[in-house]
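Laboratory data are not the source of any read-out in this text; all were calculated from the coordinates shown. The structure presented is a predicted model; accordingly, all values stated were derived computationally and were not measured. Note that each Cβ is placed from the backbone with ideal geometry, even for glycine, and that neighbours are counted across all protein chains shown.
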Amino acid sequence: MNDDTPAHAKPETLAAQALGWVDEKTRAVTPPVHASATFIRDEDNQYRSGRAYGRADNPAFDQAEALIARLEGGAQAALFASGMAAATAVFQALAPGDHVLAPKIMYWSLRNWLVNFAAPWGLQVELIEMTDPAAVRAALRPGQTQLVWIETPANPLWTVTDIAATAALAHAAGARVVVDSTVATPVLTQPLALGADLVMHAATKYLNGHSDLLAGVLVTRADDAHWQRVKAVRVQIGGTLGSFESWLLLRGLRTLYLRVRQASASAQRIAEHFARHPHVAEVLYPGLPGSPGHAVAARQMQGGFGGMLSVRVKGHDPAAAEAAAIAAAAHVRLWKRATSLGGTESLIEHRASVEGAGTPVPPDLLRLSVGIEDCDDLIADLEQALARAHR
Ligand SMILES: *Cc1c(COP(=O)(O)O)cnc(C)c1O
C-alpha cells in the first residue's frame, strides 16, 4: 500500500483508514470503483500490468484483500462472490478420495453441499462432534485426512471448538485446518495465530455489515500449493466478486470494530437478561458462564463472545414450544424477521423452518443476530413479543 501507516498501528486504525491507502493519481482518500472486465495487452504481447481479464483479477479486490489479510495476520487473502463460493473452493482444491472432517453442527448450506455434492463427487466427508477433541483424534486418519473444517461459534447452537487443540491434533495427522470465523470475526478471534492454516468468512455478514451484498473471503497463513489451487478454483469456476461489491465491502470494513463490539456487548446483555426469563427454556450463547463452550471461548475470544445467540422458547410440550417460538417471531416490531446475520439491524428467525427436514436444530429455537440499535429497545421488543406469544 502506498501509505505512511506506522507498522505498529492497531487493527482498529488499519480498518478505519482501510490501510491508509491514498489514490496516487487523484489523492483521493477512498478508492475509485474499477469496473473494467478486461485490460490492455502491451504492444510486445506482454501483460506488464499483471492483469488480463476480470475473472482472474481486478484492482477493486486489492485493498479489501490486503486489509483482511492484515487483520487476520495472514500471508494473502482472496475475495469470492459469496461465503459459499469461498468455502467450497477450499474443498474443490482437494482430490477425489481425500478424507475431510467437518462438524455435525455447522452452517446449514455448507453441510448440505458437503453431503449432497462433495461426497458424490468423491470426497470422503465425515461429520463429527468437532467440539470434542477425543472425537477428532478418533476420526483423523493420518496420511488420508487432508482437511479439518471448524466453525466457531457454530450455527445456530453457538457451540465452541478449541482451535489450538484441534489444530495440534490435525497437524500431527498431516491435515490442514480451516476455520469458518464468520461469527467471531478478526475482532474477537485470530484463528491463524491459534494454529489454523486458512480462515474463511462469509463477508456478507459482519465484514461488510450492512446486509447489502454477498461476498466471501479466504485468508491463508502460507502461499503454498493448496492455496494456489484454491485461487485457481476461483478463476476457473468463476466465483469472482463484482467490482461494486468489492468497493462496498471495503467501506463496510472501516467500521468493523465498532459494529462487532457493539453487537457483542448487546448480545451479552440480551443473553443474560433472557437466561432467567419465565418464557425462555434456555439461552445458547458462549458468553454465559454456564454454557458448555464458555471456558474455551473465554480463552480463544478476546473482547466479547459475538453478536449471535439463540433462545429456546418454553411451552407445555414440544409442539406448544415450537408454536410459541414461531408466534414470538411473528410479534416482534423492531427485530426484522429474516435470515442472515451480522448487519446493523437485528434479525430474528425460526431456524428449524429455514433448515427443514433432517435439521439438528430444536423446533423451539429462535436465532438472533444482534445489531447495533439501542439494546434496551431490543430487549423491550423481545419482551413484548414473548409476552404476546404466551398469552
Ligand atoms: C452466511 C454464512 C455462510 C455462507 O455465506 P454466503 O455469503 O451466504 O454464501 C457460511 N458460513 C457462515 C457461518 C455463514 O453465516
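The order of Y257, Y47, Y285, going from fewest to most other C-beta atoms within 10 Å of their C-beta, is Y47, Y257, Y285.
Averaging 1/r across all pairs of distinct Cα atoms in the range 96-170 and inverting the result yields a Kirkwood radius of 12.4 Å.
Scaled against the 2.2 N^0.38 Å expected of a compact globular protein of N residues, the Cα radius of gyration of the range 1-86 reads 1.25.
Each part reduced to its alpha carbon centroid, the range 275-341 and the range 159-235 end up 25 Å apart. Expressed as a fraction of 2.2 N^0.38 Å, the C-alpha radius of gyration for the range 202-347 is 1.29. Which of the helices in the chain meet the span-like rule: DSSP H, Cα axial reach of 27 Å or more, Kyte-Doolittle mean at least -0.5? Membrane-span-like by this criterion, though nothing is claimed about a membrane: 256-275. Computed over the range 101-258, the range of Cα coordinates on each principal axis works out to 45, 35, 29 Å, biggest value leading. Take 133-143, 88-98, 239-249 and order them by the average number of nearby Cβ atoms within 10 Å per residue, most first; the result is 239-249, 88-98, 133-143. Protection proxy ranking of 180-188, 120-128, by the mean of other Cβ atoms within 10 Å over each peptide's residues and highest first, is 180-188, 120-128. The calculated FRET efficiency for the pair H390 and D132, based on their C-beta separation and a Förster distance of 41 Å, comes to about 0.70. With no solvent and one equal point scatterer per Cα, compute the Debye intensity ratio I(q)/I(0) for the range 180-258 at 0.10 Å⁻¹ and report its log10, rounded to two decimals. Log10 I(q)/I(0), no solvent term: -0.25. Calculate the tail of P(r) for the range 306-354: the fraction of all Cα-Cα distances greater than 12 Å, expressed in %. Percent of Cα pairs beyond 12 Å in the range 306-354: 64. Where does the Debye-calculated log10 I(q)/I(0) of the chain sit at q = 0.08, 0.12 Å⁻¹, using only Cα point scatterers of equal weight, no solvent? The Debye formula, applied to the Cα set alone, gives -0.43, -0.94. For the range 264-311, the convex hull drawn through the C-alpha positions has a volume of 60 cubic angstrom per residue.
In plain terms, the residue of I379, I105 with the fewest other Cβ atoms within 10 Å comes first and the most crowded comes last, giving I379, I105.
With a/c under 1.5 counting as rounded, go ahead and sort the range 322-391 into rounded, prolate or oblate using the C-alpha gyration tensor (a ≥ b ≥ c being the square roots of the eigenvalues; past the cut-off, prolate if a/b is larger than b/c, else oblate). Oblate, since a/c reaches 1.5 and b/c is not below a/b.
Checking a compactness column here: for the range 133-198, what do you get for Rg(Cα) / (2.2 N^0.38 Å), N being the number of residues?
Against the empirical 2.2 N^0.38 Å value, I get 1.07 for the range 133-198.
Here is how the number arises for the chain: DSSP H runs of 4 or more residues each give -39500 (n - 2.57), the sum is divided by the residue count, and the result at 222 nm is -10500 deg cm²/dmol.
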